[in-house]
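The values are calculated or read from the model by the stated rules, or taken from the named source; none is laboratory data. Note that the structure is predicted; figures quoted are calculated from it, not measured. Here the Cβ positions follow ideal geometry from the backbone for every residue, glycine too, while neighbour counts run over all protein chains shown.
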Amino acid sequence: MKSNSVGTKLIVDGKTVGGLTSINGIDINADSIDVSDLSNTTGYKEKLPGWKDVSDLTASGFMDGEDEGQDELYTLLASGNVVDCSIVLPAKIGKTWSFKAGVIRFSTSIDVNDAVKFDMTLAVSGQPVLAATQQAQGNG
């Protein structure tokens, strides 16, 4: 079933990150290995998929001084720890991305006539898994 994005949660080290307005999601790509050899008479390269890589995940939102998830992002940036994370998609979709990641960027922006905002980046480590959502996850 299709759904809009309202209700999506980003959970980092067991804490739901509040105030989010966007998450760029999981982006997986694979290297291309050229396996063309001299017996190829088609004139087209033959290729195999190689190592897979997951792009950094970014998210943005409104800063909330009482949000435990936002506090956890800054704590993890300072510690350098790689932790369990997930993106829980809306209930109508019923899927969750689970992955390990470390926080590599946390910034705030302050502009006249605007709410205080934050941006963050997670470096995803290893293979993310997309599976059926098991249960309500994270606090907050």
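Of all residues in the range 22-50, those satisfying the criterion of being of a type in the set (S, T, N, Q) and surrounded by 11 or more Cβ atoms within 10 Å (Cβ to Cβ) are S22, N24, N29, S32, S36, N40. For the range 117-140, name all the residues that are within 24 Å of F62 (Cα to Cα), at pLDDT 95 or above and in contact with a Ser or Thr (Cβ under 6 Å, 6 or more places away or on another chain). K117, F118, D119, T121, listed by residue number. Here are T8, T96: which of them is among the β-branched types (V, I, T), within 19 Å of M120 (Cα to Cα) and modelled with pLDDT of 95 or more? One residue alone meets the criteria, T8.
Please find, among T41, T16, T8, T58, the residue that is out of contact with any Phe, Trp or Tyr (no Cβ under 9 Å at 6 or more places or on another chain) and farther than 28 Å from G94 by Cβ. After ruling out the rest, the residue left standing is T41.
The residue pairs whose first member lies in the range 97-117 and is free of Cβ contacts under 8 Å to residues at least 24 places away in the same chain, whose second member is acidic (D, E) and assigned to a strand (DSSP E or B), and whose beta carbons are closer than 8 Å, counting only pairs six or more residues apart or on different chains, are S107/D119; S109/D119. Scanning the range 51-73 for residues that are exposed (fewer than 13 other Cβ atoms within 10 Å of the Cβ) and closer than 20 Å to A123 by Cα gives W51, K52, D53. Residues of the range 74-96 that are surrounded by fewer than 19 Cβ atoms within 10 Å (Cβ to Cβ) and either of a type in the set (G, A, S) or under 14 Å from T133 (Cα atoms) (or both): A78, S79, G80, P90, A91, K92, I93, G94, K95.
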